[in-house]
Amino acid sequence: MVNGKSAIAWVMERQRVKTDKKSQIVNDANRFAIETMGDPAYPLRLLAKVITVSLETVKIVETLREIEFS
């Protein structure tokens, strides 16, 4: 969970195109991916990484439930 949302929902919210009302600056993850990262698939790769981390975290948490602490 990130800020009360699933990690996947949080990343997807951050990747959407939005315009700041006050400055009118457009925040576009796709343009950022191409211009800054040099990788148009960066948003998709980021989402895939977050999904992988989420799945691995679930596995770890399930393993912890099996451990008995004294």
Residues in the range 46-63: is at least one in a loop (DSSP other than H, G, I, E, B), out of contact with any strand residue (DSSP E or B) (no Cβ under 8 Å at 6 or more places or on another chain) and of a type outside the set (S, T, N, Q)? no
Restricting the range 1-11 to residues that are loosely packed, with under 10 Cβ neighbours inside 10 Å and either among the small types (Gly, Ala, Ser) or within 11 Å of the chain's Cα centre (by Cα) (or both), the one modelled with the highest pLDDT turns out to be 4
Step by step: first the residues of the range 12-41, then only those that are touching a residue at least 12 places away in the same chain (Cβ under 8 Å) and assigned to a helix (DSSP H, G or I), then the one that is farthest from the chain's Cα centre (by Cα). Which residue is that? 30
Against the condition surrounded by 10 or more Cβ atoms within 10 Å (Cβ to Cβ) and out of contact with any helix residue (DSSP H, G or I) (no Cβ under 9 Å at 6 or more places or on another chain), how does residue 29 come out, does it pass? no
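The values are calculated or read from the model by the stated rules, or taken from the named source; none is laboratory data. Note that the structure is a prediction, hence the values are computed from the model and not measured. Because the Cβ atoms are built from the backbone with ideal geometry, glycine has one as well, and the counts that use them run over all protein chains shown.
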